[in-house]
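Undergrad: The structure under discussion is supplied below as structure tokens; questions concerning it will follow.
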Amino acid sequence: MKRLKAIASLALAATMVFGLAACGGDKGASTDGAATTDNAATTDTAAVEEEPATLSDDGQVLNIYCWNEEFKSRVTDHYPGYEEVDATTGKIGDVTVKWNITANENNAYQNNLDENLLKQADASADDKIDIFLVEADYALKYVDTPYAVALDELGITDADLSDQYTYTQDVVKSSTGRIKGSSWQACSAGLIYNREAAKEILGTDDPAEVQAAVADWDKYVETAKAAQEKGYVMCSVNDTYRTYSNNVSGKWVQDGKVVIDKNIDKWVDDSKELVDAKAENTYDLWGDDWAKGKKPEGKTFCYFGPAWFFNFCLDADADGTIANKGGWGYCEGPQGYFWGGTWICAANGTDNSSLVKEMILTMTTDKDVLKEIATADADCVNSKSVLADLASSDDGNIALLGGQNPYEQLAKGAESVDLSNLSAYDQGCNEEFQKAMKNYFEGNATKDEALDQFKKAIKEKYPEVTTD
């Protein structure tokens, strides 16, 4: 364990100094050397030789680190034998489950996780991290260190994972090809549209007809302008960004230089055209103005999102919302893409390795559990056979989508996700690019001035790259 501490501390410290990225728009400066999204870069942690993980089964407390209630709710509702004690505690047999939940805001979750991972080798039995969760945008930060256990060391085989979508394994695959996490979700995403708005603008709310009207970006722009003429705004420019950015031809940083892909540049030009035409707005995701589109009076044609967007973002349980009335529809949109997802990682040094293995297998490979998650929570689960079953039966019908079954489209999208251009710079570059371009869209800077602002911000965040 001492050698693990020395190797792993060096590896994770490297990722903390240079950071590997964070997700979802929550960022902030580091404190006391903790990880930060503001200093992200690639590292050579994969070159650090890893010894076999330190695993045991004599623990009495299962410590799970995460950033919100999503995984906790999945376990509480669907893990066989789980008993809830209170908001932060549960029981599985004789083992006490402790939920260590720290919000993502200002990178607090990663900071807290990093601080405690660095203490893992010397932590008392009841305080050792057993499971921690990661998101796609910063998974590599942990996957390429000894702190995350390769699933094969837990006894989880390729056969156990054979029904999962390949991209969900690629996200948590180390530089040496070892899978170090597993997800219950497949987060292919599409366009979620207001059915009443579609009827007014297109004369139909049929998903196939709506898809035809947004089948590529040129058609999308035409439909957006038609929506504006009917008194609607299509969406925010920030809603479409991930669709463009997931379909680039190269990585953000190539040979040490920042490269703005032609598809990212197309997002700028398309968005500027639509903002000037008052067919899109510049609202920040999750803000109050952006959220008004969840109600009919918000006059928003669509949002872009994956299946987790359905329940977590559309307020189906709130009176007066479009979702509450089953008023949304779903189609693939102009380009396929994915957004988000949560991966379960086993922490090196866990003293509940058998239970960790069982939890990973149950929550991410048990078909009965996965189907239950899909039908109860309107989630898109990481199982090809379960999604095929849902797509061909009424079990896949979703009330907030007016009874539509979106699983055939979601499964098709999950098969087509391409991660070849995923990099450690994505989160920082994407955030700073959107922030700079907002000045251009709102008329506070020319395009060239906004690009200069972006390049300056990137040089501050990643001093090792060039921008010219």
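Undergrad: Tell me which residues, restricted to segment 292-314, are at pLDDT 95 or above, farther than 13 Å from V233 by Cβ and open to solvent by 30 Å² or more (accessible area, probe 1.4 Å).
TA: Within segment 292-314, K295, P296 meet the criteria.
Undergrad: Follow-up question, since we're still on this one. List every residue pair whose Cβ atoms lie under 6 Å apart, where the two residues are 6 or more positions apart in sequence or sit on different chains, the first residue falls within segment 250-261 and is at positive phi, and the second residue, located anywhere, is of a type outside the set (S, T, Y) and open to solvent by less than 50 Å² (accessible area, probe 1.4 Å).
TA: From residues that are at positive phi, the pairs are G256/V465.
Undergrad: Given the criteria under 17 Å from D379 (Cα atoms) and of a type in the set (D, E, K, R), does D276 qualify?
TA: Spelling it out, it is not the case that D276 is under 17 Å from D379 (Cα atoms) and of a type in the set (D, E, K, R).
Undergrad: Here's something else I'd like to know. Any idea which of (1) closer than 15 Å to D351 by Cα; (2) surrounded by 19 or more Cβ atoms within 10 Å (Cβ to Cβ); (3) hydrophobic (A, V, I, L, M, F, W, C) is the one V61 doesn't satisfy?
TA: Going through (1) closer than 15 Å to D351 by Cα; (2) surrounded by 19 or more Cβ atoms within 10 Å (Cβ to Cβ); (3) hydrophobic (A, V, I, L, M, F, W, C) one by one, V61 breaks only (2).
Undergrad: Still on this structure, I have one more. Applying the selection to segment 264-284, what residues are open to solvent by less than 30 Å² (accessible area, probe 1.4 Å) and either hydrophobic (A, V, I, L, M, F, W, C) or part of a helix (DSSP H, G or I) (or both)?
TA: If the condition is that a residue be open to solvent by less than 30 Å² (accessible area, probe 1.4 Å) and either hydrophobic (A, V, I, L, M, F, W, C) or part of a helix (DSSP H, G or I) (or both), then I264, W267, V268, D270, S271, L274, V275, A279 are the ones that fit.
Undergrad: Only one of A208, A197, A226, A212 is out of contact with any Pro (no Cβ under 6 Å at 6 or more places or on another chain), buried (at least 20 other Cβ atoms within 10 Å of the Cβ) and farther than 21 Å from W339 by Cα; which?
TA: After ruling out the rest, the residue left standing is A197.
Undergrad: Tell me which of these G396 doesn't satisfy, since it passes every other one: (1) small (G, A, S); (2) open to solvent by less than 10 Å² (accessible area, probe 1.4 Å); (3) farther than 30 Å from T204 by Cβ; (4) over 22 Å from the mean Cα position of the chain (by Cα).
TA: Here G396 clears every test but (3).
Undergrad: Restricting to segment 363-376, give me the number of residues that are surrounded by fewer than 19 Cβ atoms within 10 Å (Cβ to Cβ) and touching a residue at least 12 places away in the same chain (Cβ under 8 Å).
TA: Residues in segment 363-376 being surrounded by fewer than 19 Cβ atoms within 10 Å (Cβ to Cβ) and touching a residue at least 12 places away in the same chain (Cβ under 8 Å): 4 in total.
Undergrad: Look at G333 and say whether it is on the phi > 0 side of the Ramachandran plot, modelled with pLDDT of 95 or more and in contact with a Phe, Trp or Tyr (Cβ under 8 Å, 6 or more places away or on another chain).
TA: yes
Undergrad: Got at least one residue in segment 449-467 being open to solvent by 30 Å² or more (accessible area, probe 1.4 Å), part of a helix (DSSP H, G or I) and closer than 19 Å to R242 by Cα?
TA: The answer is yes, given that some residue of segment 449-467 is open to solvent by 30 Å² or more (accessible area, probe 1.4 Å), part of a helix (DSSP H, G or I) and closer than 19 Å to R242 by Cα.
Undergrad: Could you give every pair whose Cβ atoms fall below 8 Å, whose first residue belongs to segment 392-405 and is under 18 Å from C302 (Cα atoms) and of a type in the set (A, V, I, L, M, F, W, C), and whose second residue is open to solvent by 30 Å² or more (accessible area, probe 1.4 Å) and not in a helix (DSSP H, G or I), counting only separations of at least 6 or pairs across chains?
TA: These pairs meet every condition: I398/N405; L400/N324.
Undergrad: Would you confirm whether or not segment 56-65 contains a residue that is among the hydroxyl-bearing types (S, T, Y) and within 14 Å of S353 (Cβ to Cβ)?
TA: Yes, some residue in segment 56-65 is among the hydroxyl-bearing types (S, T, Y) and within 14 Å of S353 (Cβ to Cβ).
Undergrad: Being open to solvent by 20 Å² or more (accessible area, probe 1.4 Å) and either over 22 Å from K266 (Cβ atoms) or of a type outside the set (S, T, Y) (or both) is the filter here; which residues of segment 435-448 pass it?
TA: K435, K438, N439, E442, G443, N444, K447, D448
Undergrad: Kindly indicate whether any position in segment 136-157 is open to solvent by less than 50 Å² (accessible area, probe 1.4 Å), small (G, A, S), within 18 Å of the chain's Cα centre (by Cα) and under 30 Å from S353 (Cα atoms).
TA: yes
Each row is one residue, and each column tells you yes or no for (1) at pLDDT below 95; (2) in contact with an Asp or Glu (Cβ under 8 Å, 6 or more places away or on another chain); (3) among the polar types (S, T, N, Q).
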| residue | (1), (2), (3) |
| --- | --- |
| S393 | no, no, yes |
| L400 | no, no, no |
| N405 | no, yes, yes |
| Y425 | yes, no, no |
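Undergrad: Considering each residue of segment 136-176, count those that are in contact (Cβ under 8 Å) with a residue 24 or more places away in the chain, in a loop (DSSP other than H, G, I, E, B) and not aromatic (F, W, Y), and give that number.
TA: Looking only at that region, the number is 16.
Undergrad: Sticking with this structure for a sec: Would you pick out the residues in segment 229-245 that are open to solvent by 20 Å² or more (accessible area, probe 1.4 Å), under 16 Å from E200 (Cβ atoms) and not small (G, A, S)?
TA: Selection gives E229, K230, V233.
Undergrad: Say we look at segment 338-361 and pick out the residues that are open to solvent by 10 Å² or more (accessible area, probe 1.4 Å) and under 21 Å from the mean Cα position of the chain (by Cα); which of these is farthest from K295 (Cα to Cα)?
TA: Among those that are open to solvent by 10 Å² or more (accessible area, probe 1.4 Å) and under 21 Å from the mean Cα position of the chain (by Cα), it is L361.
Undergrad: Shifting gears a bit: Looking at the structure I just gave you, is S175 small (G, A, S), over 22 Å from D351 (Cα atoms), at pLDDT below 95 and open to solvent by 10 Å² or more (accessible area, probe 1.4 Å)?
TA: So S175 passes the test.
The values are calculated or read from the model by the stated rules, or taken from the named source; none is laboratory data. None of these values were measured; they are calculated from a predicted model. Backbone-built Cβ (ideal geometry, glycine too); neighbour counts: all protein chains shown. Ligands, DNA and RNA are stripped out before the accessible areas are found, and what is left, the full protein with its side chains, is counted by its heavy atoms. Shrake-Rupley method; radii C 1.70, N 1.55, O 1.52, S 1.80 Å.
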